[in-house]
Amino acid sequence: MKKHKPVEEEWQEIMYFVYDCPGLNKPFKDRYKAMEEELSNIDNDVLKVHKHILCEGHAHLQEELKKVLDKGGEGLMLRDPMSRYENKRSKTLLKVKVMHDEEATVVGHEEGTGRCQGMMGALICENH
């Protein structure tokens, strides 16, 4: 039988990782340095700087991606160290993840329901 910790104890294990400082109008590498310096002055075991490392090339990227995937993560985020913060989709921030795809034949479709009523809701597919 699996024992669960009381919720009060589980809350004690939560940590907050800070990964950027969008309020500074500086390149990412400078925002990161300022964030590290500021958070190092705070005596708090819950608030941590999310570690960033410089990508050394394709082999290094694949090695780091494997580490993340082995821990159950989805992927990595690559950012141009000289990029400014943008409060929108950015061409200087790239998500790297493994895509799993498979071939299938569409044999039909179902109508949407709820807010999708009158539209296509789902494809019916066959695969091997």
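Looking at segment 91-105, which of its residues are under 28 Å from HIS128 (Cβ atoms), touching a strand residue (DSSP E or B) at 6+ places or on another chain (Cβ under 8 Å) and either free of Cβ contacts under 8 Å to residues at least 12 places away in the same chain or not β-branched (Val, Ile, Thr) (or both)?
LYS97, ALA104
Among (1) of a type outside the set (Ser, Thr, Tyr); (2) surrounded by 10 or more Cβ atoms within 10 Å (Cβ to Cβ); (3) more than 23 Å from LYS29 (Cα to Cα); (4) modelled with pLDDT of 95 or more, where does VAL107 come up short?
It fails just one condition, (2).
Among the residues of segment 35-50 satisfying the criterion of being of a type in the set (A, V, I, L, M, F, W, C) and either loosely packed, with under 14 Cβ neighbours inside 10 Å or not assigned by TED's automatic domain parsing to the domain that holds TYR85 (or both), which is farthest from GLU9 (Cα to Cα)? Can you show your working first?
If we filter segment 35-50 for residues that are of a type in the set (A, V, I, L, M, F, W, C), which is where we start, we get 35, 39, 42, 46-47, 49.
Subset that is either loosely packed, with under 14 Cβ neighbours inside 10 Å or not assigned by TED's automatic domain parsing to the domain that holds TYR85 (or both): 42, 46-47.
On the way: ILE42: 23, VAL46: 14, LEU47: 17 Å.
Among those that are of a type in the set (A, V, I, L, M, F, W, C) and either loosely packed, with under 14 Cβ neighbours inside 10 Å or not assigned by TED's automatic domain parsing to the domain that holds TYR85 (or both), it is ILE42.
If you take the residues of segment 68-104 that are surrounded by 10 or more Cβ atoms within 10 Å (Cβ to Cβ) and among the charged types (D, E, K, R), which of them is farthest from LYS51 (Cα to Cα)?
GLU86
Name the pairs whose Cβ atoms lie under 6 Å apart, with the first residue in segment 8-19 and closer than 16 Å to LYS48 by Cβ and of a type in the set (Gly, Ala, Ser), the second at pLDDT below 80 and surrounded by 10 or more Cβ atoms within 10 Å (Cβ to Cβ), and 6 or more positions between them or separate chains?
Hits for this filter: zero, empty list.
Would you be able to tell me the number of residues in segment 64-90 that are under 19 Å from PHE28 (Cβ atoms) and either touching a Phe, Trp or Tyr at 6+ places or on another chain (Cβ under 8 Å) or in contact (Cβ under 8 Å) with a residue 24 or more places away in the chain (or both)?
Of the residues in that region, 8 qualify.
The values are calculated or read from the model by the stated rules, or taken from the named source; none is laboratory data. All values derive from a computational prediction rather than experimental measurement. Note that each Cβ is placed from the backbone with ideal geometry, even for glycine, and that neighbours are counted across all protein chains shown.
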